[in-house]
1. Checking residue 79 against (1) under 37 Å from the mean Cα position of the chain (by Cα); (2) in a strand (DSSP E or B); (3) farther than 17 Å from residue 150 by Cα, which test does it fail?
2. Evaluate the following for residue 95: is it surrounded by 10 or more Cβ atoms within 10 Å (Cβ to Cβ), closer than 26 Å to residue 176 by Cβ, within 32 Å of the chain's Cα centre (by Cα) and not aromatic (Phe, Trp, Tyr)?
3. Based on this model, can you work out whether residue 112 counts as within 10 Å of residue 156 (Cβ to Cβ), in the same structural domain as residue 169 (by TED's automatic domain parsing) and without any contact (Cβ under 8 Å) to a residue 60 or more places away in the chain?
Amino acid sequence: MSDTLPPTERTDEDESPSSNGTQDDSAEADGSSQDDSDGSAPGEPSEDGSDEESGSDEGKNWLEWTITAVGAAVVLFVIGFLGYEWYTATDQPAELVVELGEITRDGDVVEVPVTVTNEGYKVAEAAVIEVCAGSDTCAQLTFAYVPFDSEVTGRVGLGAPLDAPLTSRVVSFRNP
């Protein structure tokens with residue numbers, strides 16, 4: 001029997017430079033490379049204790065810190081705003097306020113602009129507004145949708161001449 005080892009096993013003698021291999025081959029075999037300045041293996045801390053791959057803060061410049069701070073401020077603002085809105089939200093229904101605009105005449109018809117503002121915290125659907133000039137002359141206007149904290153506009157036509165001052169009222173609306 002011979003004293004030779006199988007080719008897959010290596011000894012310290014095999015790691016020395018020979019005519020068949022170079023020093024780079026032996027460096028790759030033991031897991032190190034010539035690029036390591038301190039001789040430590042990849043993923044291990046260097047001799048001074050720093051870990052170059054962990055992304056230490058020493059490498060960040062002022063622009064990265066500024067972007068990080070602005071991003072954190074935006075996230076905190078959004079979270080605070082949503083928390084405030086949730087905390088102060090009320091369960092009040094829609095509150096419709098009707099305003100009449102300046103009257104314009106078009107022949108035998110008087111046109112009245114109508115602005116409806118929803119000052120409540122819920123949406124109003126199928127809002128019916130009535131504009132009257134006395135008890136005989138009335139017109140109704142229907143808005144399909146009045147979002148909360150907003151206003152919608154429309155026009156109603158009344159027969160001329162107007163015998164009494166204009167009045168308006170909300171006839172009905174539906175909370176979805």
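1. Just one mismatch for residue 79, condition (2).
2. Yes.
3. Working: within 10 Å of residue 156 (Cβ to Cβ): yes; in the same structural domain as residue 169 (by TED's automatic domain parsing): yes; without any contact (Cβ under 8 Å) to a residue 60 or more places away in the chain: yes.
So residue 112 fits the description; yes.
The values are calculated or read from the model by the stated rules, or taken from the named source; none is laboratory data. Model, not experiment: these values are computed from the prediction. Neighbour counts are summed over all protein chains in view; Cβ atoms, including those assigned to glycine, are modelled from backbone coordinates with ideal geometry.
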